[in-house]
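Quick notes on the structure that follows.
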Amino acid sequence: MTGKQQPRLEAAGITKMFGGIRALNDISLEVLPKQIVGIIGPNGAGKTTTFNVITGAYRPSTGEVRLDGKAVTAEPSHLIARAGISRTFQNIRLFGDMTVWEHLLVAQPHSDFTLRRLLPTRWADPQAFRRAEEILEFLKLADVKDRIARSLPYGIQRRVEIARAISARPKLLLLDEPVAGMNHDEADDIRRLILTLRDSGLSILLIDHDMAFVMNLCDYLYVLDFGVMIAQGRPDQIRSNPVVLDAYLGHAT
Amino acid sequence: MMSTYYAGLLADVGILLLGALSVYIILATGQLSLGNAGFMGIGAYLTSYLTVTMGVPLTLALVIAAAASGAIGVIIGFPALRLRGIYLAMATLGFGEMVRSFFLNFDAMGGAGGFHGMRHVSLGYIWTWAAAILLLVAILEHSQIWLELRAVRDDETAAALVGLDTTTIKVGAFGFAAAVAAIAGGLFAHHHVYIEPGNFSFERSIDFVLAVILGGSTVGAGALVGALLLVMLPEHLRFLADWRFAVFGGLLIAMLLVRRQGILDRSLFRFFEFRRSA
Amino acid sequence: MLLQQLVNGLTLGAVYTLIALSFSLVMGILGVLNLAIAELFMLGGYFGFAAILAKLPLPVALLAGMAGAALVAAVIERVGYQPFRDAPVVTPMLSTLGFSIILQNVATNIWGSDPLQLPDEVFGARFTLGPVSASAMQLTIVGATVVLVALLAFVVQRTALGRALRAVAENRDVARLLGVSAGPLTLLAFMLSGALAGAAGVLIGLHYAAITPYIGVEIGLKAIAVMVVGGTGRIWGALIAGPLIGVAEVMTTAYGGSQIRDFVVYGLMIVILLLRPQGLLGGARTEQGPRV
């Protein structure tokens, strides 16, 4: 990880206090362009809190978040999203009564004050229509285009959530436990999808518990435990790191 | 030839439709307003002042009143962002009562005695406005902004995280709703040619809410069905005369129990669209 | 003069306190705004009047108003709340609005829309202490309010029932885990709340010596403001906010102009909602940050 290349995402010295509790303690991490980076660690280690700080839901007590070298720390969430960070959620959060198609359409980037947003999208913004159709094809969701997203099987809901996230045309995609609760085939589908997304130019930061999945997929890993970064490195380095083994085995008992 | 009696009823439907639409627009962002009669009152008094005292033509007066009320709606919309659900409902209720109380003390326009001198408008004029705004809402319902409104209603956090500016969307909806309610008020004033603060009470706000919930709270056309129902049903069921409010109260509860989205809903429309394209 | 206004204000404040307690019992425990409480209050007034006109003693009239309103509240809970307990909070509020509309219509049809008057001979006596004079009625109202609040405090703070109610108010899910069954408790909360509203109705009827079907909306809406000023999450805030707003109202009427009082009361409510949702005297805010 030598720093010739400008990182897509840098989080530097992030500390987050809740009351007197230190949920994150001086966390630093970076994601390079077209890199897949994982954050692992036991429950309550602060993984999702890290995501929340990066996406602006939480203001860090100290530290800075930079996207392509530009500070976005604690900006309003929608500005961070527009700057190029999209995410999915651990417990899938889709829009109640929207169809799959509407999910893709609503997330298409639009400038703030244009007549386009006020007229029927079909005529006013055929470009957004076409982009949404591309994503629909790309994520193999064309069959369920007009179904209410929340009525679909779990695995497909995950795809819809990812589809919505990439509809916002991010540079960096945050995936919070993308294969939680999936069987092996479904998880493998998602793994291939993530690789394709990476090849299309996205940087990806993901959280997961499934060690095999993470080890197979990620270029680089960070290990969190009780809000502290206890290790980082390539998967083969992490696999043999005694500190990591201790943290995991210690918690397992 | 339509009787003046029916013309009066239809005028009431048109005005109620606009009031109901103003509730519907705020409801689209997931919030219930119990104070839209306040915006209606502002529109009624301002329009009447402009036409009677300043001699401004009615259409221009309505536009000015809508803009002013919309601006007030935006100003109120910002603090309202901090409130949700019941709390916002209570705050809007308080706003409506404050406006009523203000006009009660506004002696320059008659105070408790009311204000008159407006010129009566035709049914056609009222319905030109009502139809135009219903059409406008119907067009907006197919736009990007309406999808954004629905996204904000369903999950504000997720909406912000795909880049939607939830603040502007909610405040904008409030302002638009306030403008529509003001037009309802201006038309009301020039239909009845007399207004008093009691015309814009809590009960009026409740009428708007009833029309939306009964007619259908997920499509703009529901407001039309609800307004027709509220005005026409007692006329056609004369034996209901004394009990019509009890019947509407019962209908409201029954509707919530068996069909929460109201008579019309989006899937009904989707069904028709499907039939058309098939 | 000032003291006299204070006495008058406290009388009105006592009634506000009771209705606001009625609202905040349901709101504090279940998080639901029962809009029909305004009409329960009005109904209580009519029931009480019926008893007084039938020459029954005042305590019986008070009980009649309370029991009648509590029974109607039980129906509201079964039909208007239970089916919606898992729905968004606005839905049960709308169904109670439905009941409110029905009850007002029924009352208008039964008793007419003209005010029902009490004959003069009931409670004519006045007591004078120095410059202050209070009618027997005013003393009765304040006295009855104090007794009712003490009773409620006993039930909520000292009995097993009250503990269960408070557990549900604290956290519905935890209460369920602890084996507190919420079904009968919500019914009870609604009935207690109805009884308080009914009592307030009887008392306000005595205060004005008249009652109309529309008194519920007028005073009920005001009581919502009182509840908010006292703090929506806490039951006892109303004890301070009720007298405060009662006195403030009487004072503005006496020294200001009678009509700006509503403007002030609702303005205060909105300010409290925005700046101190925990109420005037409430403790720290318990709102959490965004949960993701």
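Where a number appears in this text, it was derived from the coordinates with a stated rule and is not lab data. This is a predicted model, so every value here is computed, not measured. Every residue, glycine as well, gets a Cβ built from its backbone with ideal geometry; the counts of neighbours run over all protein chains shown.
Each of B:Phe103, B:Phe208 has some number of other Cβ atoms within 10 Å of its Cβ, and from fewest to most they run B:Phe103, B:Phe208. I need the Debye-formula profile for region C:18-214: one equal scatterer per C-alpha, no solvent, reported as log10 I(q)/I(0) at q = 0.09, 0.10, 0.12 1/Å, two decimals. The Debye formula, applied to the Cα set alone, gives -0.36, -0.44, -0.62. Give me the percent relative contact order of chain C, please, defined on Cα pairs under 8 angstrom at least 6 residues apart. Relative contact order, chain C: 36 percent. Based on Cα contacts under 8 Å between residues 6+ apart, chain A shows a relative contact order of 27 percent. In the elastic network of chain A, a GNM with C-alpha springs shorter than 10 Å, the most mobile of A:Ala45, A:Ala124, A:Ala71 is A:Ala124.
R0 = 51 Å: FRET efficiency of A:Asp199 with C:Arg78, Cβ-based, nearest 0.05?
Numbers: r = 60 Å, r/R0 = 1.18.
E between A:Asp199 and C:Arg78, to the nearest 0.05, is 0.25.
For the options B:Val171, B:Val209, B:Val23, a Gaussian network treatment of chain B with springs between C-alpha atoms closer than 10 Å singles out B:Val171 as fluctuating the most.
Working from label points 7 Å from Cα in the Cα-to-Cβ sense, the A:Val228 to B:Ser122 distance is 8.3 nm.
The helix-only estimate of mean residue ellipticity at 222 nm for the protein assembly as shown, built from DSSP H runs of length n ≥ 4 each weighted as -39500 (n - 2.57), is -19500 deg cm²/dmol after division by the residue total. Taking every full run of DSSP H in chain B, the ones that stretch at least 27 Å from end to end by Cα along their long axis and average 0.0 or higher on the Kyte-Doolittle scale are B:4-27, B:58-80, B:85-104, B:166-192.
Taking amide H as placed 1.01 Å from N in the peptide plane, the amide H of A:Leu206 sits under 5 Å from that of A:Val37, A:Gly38, A:Ile39, A:Leu175, each at least 5 places away or on another chain.
Normalised by residue count, region A:184-253 yields a Cα convex hull volume of 96 Å³ per residue.
Counting every alpha-carbon pair across the protein assembly as shown, the share separated by more than 47 Å comes to 31%. Starting from the Cα gyration tensor of region B:177-278, take the square roots of the eigenvalues, sort them a ≥ b ≥ c, and report rounded, prolate or oblate (rounded when a/c is under 1.5, otherwise prolate if a/b is larger than b/c, else oblate). It is oblate, given that a/c is not under 1.5 and a/b is not larger than b/c. Which residues does the label zone of C:Arg85 cover in region C:138-173, counting backbone N under 18 Å from a point 7 Å along Cα→Cβ? So the set is C:161-173. Here chain A is treated as an ellipsoid with the same Cα gyration tensor; its semi-axes, largest first and in whole Å, are 32, 21, 16. Here the label points at C:Val147 and A:Asp143, each 7 Å from Cα along the C-beta direction, are separated by 7.4 nm in the simple model. Reported value for region C:1-69: 111 Å³ per residue, from the convex hull of its C-alpha atoms.
Dipole orientation for the protein assembly as shown: of the candidates B:Leu32, C:Ala136, A:Val31, A:Val31 has the Cα lying most toward the positive pole (charges on Cβ; Lys, Arg +1; Asp, Glu -1).
In the distance distribution for region A:93-169, Cα-Cα pairs more than 20 Å apart total 27 percent. Counted as membrane-span-like here are DSSP H helices of chain C whose alpha-carbon atoms extend 30 Å or more along the helix's own axis and whose Kyte-Doolittle mean is 1.0 or above; these are C:2-30, C:90-111, C:136-158, C:182-208.
Our compactness index for chain B, the C-alpha radius of gyration over the empirical 2.2 N^0.38 Å, is 0.99. Taking all Cα pairs closer than 8 Å and separated by 6 or more residues, the relative contact order of region A:95-164 comes to 49 percent. GNM on chain C, C-alpha springs below 10 Å: top fluctuator among C:Thr186, C:Thr11, C:Thr159? So, out of C:Thr186, C:Thr11, C:Thr159, the one fluctuating most is C:Thr159.
For chain A, give the magnitude of the charge dipole about the Cα centre (Cβ charges: +1 Lys/Arg, -1 Asp/Glu; no others), in debye to the nearest 20.
With Lys and Arg at +1 and Asp and Glu at -1, about 680 debye.
As a calculated quantity, the FRET efficiency between A:Gln6 and B:Tyr5 at R0 = 45 Å, using C-beta atoms, amounts to about 0.05.
Kindly put A:Ser61, C:Ser113, B:Ser69 in sequence by how many other C-beta atoms sit within 10 Å of each C-beta, fewest to most. Walk me through the numbers before you get to the answer.
Working: A:Ser61 15, C:Ser113 10, B:Ser69 29.
Starting with the residue having the fewest Cβ neighbours, the order is C:Ser113, A:Ser61, B:Ser69.
The calculated FRET efficiency for C:Gln157 paired with C:Val60, based on their beta-carbon distance and R0 = 30 Å, is about 0.60.
Shown here are the Rg and Dmax of the Cα trace of region C:188-236, at 12.0, 34 Å. Candidates B:Ile145, B:Ala179, B:Leu83 compared by Cα position along the dipole of chain B: farthest toward the positive end lies B:Ile145, with charges placed on Cβ. Please go through the residue pairs A:Lys145/B:Lys170; A:Lys16/A:Lys47; A:Lys47/A:Lys70; A:Lys34/A:Lys70 and name each one whose alpha carbons sit more than 21 Å apart in this structure. Flagged as over cut-off: A:Lys145/B:Lys170; A:Lys47/A:Lys70.
Length gained on full extension, A:Arg191 to A:Met17, computed as 0.36 nm times the residue gap minus the Cα-Cα distance: 59.3 nm. Its Cα centre serving as origin, chain C has a Cβ charge dipole (Lys and Arg +1, Asp and Glu -1) of approximately 760 debye.
Note on A:Val243 and A:Asp26: their simple-model spin labels are 1.2 nm apart, each label 7 Å out from Cα toward Cβ. Look at C:Phe49, B:Phe39, C:Phe41, B:Phe188 and count the other Cβ atoms within 10 Å of each Cβ; fewest to most, that gives C:Phe49, B:Phe188, C:Phe41, B:Phe39.
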